Amino acid sequence: MNADDLARFLRANPQFFDQNPELLEAIHVPHPYGGRAIPLAERQTVQLRDKVKGLEGRLSELLRFGEENDAISEKVHRLSVALVGARDFPALARSLYFHLREDFAVPHVVLRIWGKSVPVDFEEAAAVDAAQKEQAGMMGAPQCGPAQGNVFAAWFREAAEHVRSLALVPLGQTTVFGLLALGSEDPKRFYPDMGTLYLRRIGELCAAGVTARL
């Protein structure tokens, strides 16, 4: 009988050590963290302790993620209340900028709207070229990544040279009529593989607010 045969036998007969408990103390195996030999039962105990530590670490991680998501949800709720309470488009834009900068700690925020009746002297009505409109219309969902080489980075004007990562949030579901750009000086703040659920929700809130006031 070779090692494979023995392994198959033990898998096929899980009651073997129940019927022969004395073997658990008689069999000695290497300690996983040292050179000395220990009884099989002690080795199993060590493995169980390691598994418990791993589960505890995973639980702590899940709790931390849950707390972070709760905090973000609360911020999104505050933003929602502010946008709903905005009496007109200028108030809506001010509330959006304030909450994104102060609550979400996003230092650079730009909103551009086209295809809506935004007064031409508003910053949000600044010209957007056809290629940018087309690119925004094809996004389908928020996009995050480095600012370098991104055609929308210039929207941040004098701050553009300091922006290292950005998030682009298209506004509108069937037809895109605007884009919300968030910029950070931290190159790791917005990265390509990050989750965009809350960015999408913020975009939906912003789009609904703009549509209701223009």
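The values are calculated or read from the model by the stated rules, or taken from the named source; none is laboratory data. Remember, predicted model here, so these are calculated numbers, not experimental data. Here the Cβ positions follow ideal geometry from the backbone for every residue, glycine too, while neighbour counts run over all protein chains shown. Quick note on the areas: whole protein, heavy atoms, side chains included, nothing else; ligands and nucleic acids left out. Shrake-Rupley method; radii C 1.70, N 1.55, O 1.52, S 1.80 Å.
Here are a few things to note about the model shown:
- Reachable lysines from Lys116, criterion Cα separation under 27 angstrom, eight or more residues apart if same chain: Lys133
- For Leu111, neighbours were defined as the other residues whose beta-carbon sits under 9 Å from its Cβ, and their charges (Lys and Arg +1, Asp and Glu -1) total -1.
- Annotation: per residue accessible area for segment 67-214 equals 54 Å², rounded to a whole number [probe 1.4 Å, protein chains only].
- Radius of gyration (Cα atoms) of the chain, expressed as a multiple of 2.2 N^0.38 Å: 1.69.
- Förster radius 45 Å - calculated FRET efficiency between Lys51 and Ala71, Cβ distance, rounded to 0.05: 0.90
- This model, with +1 at the C-beta of Lys and Arg and -1 at the C-beta of Asp and Glu, gives segment 91-140 a dipole about its Cα centre of some 80 debye.
- Protein accessible area in segment 34-166, 1.4 Å probe - carbon and sulfur %: 54 percent
- For Ala154, net neighbour charge (Lys/Arg +1, Asp/Glu -1) across residues whose Cβ lies under 12 Å away: -1
- For a modelled paramagnetic label at Thr211, 7 Å from Cα along Cα-to-Cβ, the residues of segment 154-174 in reach, with backbone nitrogen under 19 Å, are 169-174.
- Counted by Cβ distance under 13 Å from Leu92, the other residues give a net charge of +2, where Lys and Arg count +1 and Asp and Glu count -1.
- Extension gain for the segment Ser60 to Thr174, taken as residue separation times 0.36 nm less the Cα-Cα distance, is 37.0 nm to one decimal.
- Unit charges on C-beta of K, R, D, E only; dipole of the chain, Debye: 300 debye
- For Leu171, distant residues with modelled amide H under 5 Å away: Phe177, Gly178, Leu179, Leu180
- Charged-residue dipole, Cβ positions (Lys, Arg, Asp, Glu), segment 142-214 about Cα centre, Debye nearest 20: 180 debye
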